[in-house]
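Here's the structure, in structure tokens; my notes come after.
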Amino acid sequence: TVNEQALRPVRRWRWRRARRPRSGRRRSSTRGDATDMSVRNPVVPHAALESGAVAPRCMTYGRGFRPPDMMDCTPGHLHGCTTPPAKTRSGVESVGQTGGWKLDPGKPYLLDLGLARAIAAVAHLHTLVELGAGLGCYSLMLAHCGVHVLAAIDGAEKVNELSGGVVTRADLTQPMRSAADWVMTLETGEHIPSFLESVFLNNTADNAHCGVVLSWAFPGQPGIGHVNTRPQGYVVAQMASRGFKVDANHTQRLRRAASLWFLQRNVLVFTRIAPSARGRACQPPDFSLSDAEVNRICETRHTKHSETRHTKHSNT
């Protein structure tokens, strides 16, 4: 039993029973033949980072950060491209039946710098896959801070082109293979219809050898296409049934680091307590990295990539 009060929820919300699928609607298989995403990702985030050719539109949020954390909108500067609030639009033209968005090319994505760095401390030198990656803001930031991001996957239309190939388009409600030490999915599950959520949760759990960083919108949380909001206790129970437990200490660390209010409330860190379905041993996470050490790693890598980018531009 998880003490939800210890995980610092802002309010308690009444759980609403999920609607049953309409008669005749086929339930998707939770297992079965899975798509191997490792052969579909055209550009690994690490490669995009090294090339300095990608600058996603990310609205950055962070408390107490100093340069070079808030970078400008130029190739190689991963999380600049900040859209002024007066010009910000939702950027979502429509939402598909499985929760995938049809994006406006100018759609900005939110990037919580403090949360990203805290996740980097958890997954440093480990492999990671992001499900529901948007335009790749978090994946590129994590790659920038020493996490080996194997794939960034999202269901939005034309996300491959809009992200410069960093994010692969795939239906998150179909079984897939994209295994890594860690799987991260932030504010994604609430967009997936309830009768398809089990496949999404299986994709999240089955591909994680060590742990999962997950946030899921709670009932009543505003947002576009929130068709399946869930209380925290429900999400914890679903992950427990798949062999994961909440790491309360590191959940608190991520929440304290976050700036966006809904991430402060929703984000959870899970660690595996049952053997991985993929049959691979978990590399124990190194939680000893301090915030100062993570900041130093990110700043060092930023300096390296800035010098590389300057050299490339000088030679052209």
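What follows is calculated from the coordinates using simple rules that are stated; it is not laboratory data. Since the structure is predicted, the reported quantities are computational estimates derived from the model, not experimental observations.
Amide H contacts under 5 Å for residue 176: 35, restricted to partners 5 or more places along the chain or on a different chain, H placed in the peptide plane at 1.01 Å from N.
Taking θ as phi - 60° and the Karplus parameters 6.51, -1.76 and 1.60, the scalar couplings of segment 126-138 work out to 9, 8, 8, 10, 10, 9, x, 7, x, 9, x, 4, 5 Hz in sequence order, x denoting glycine and proline.
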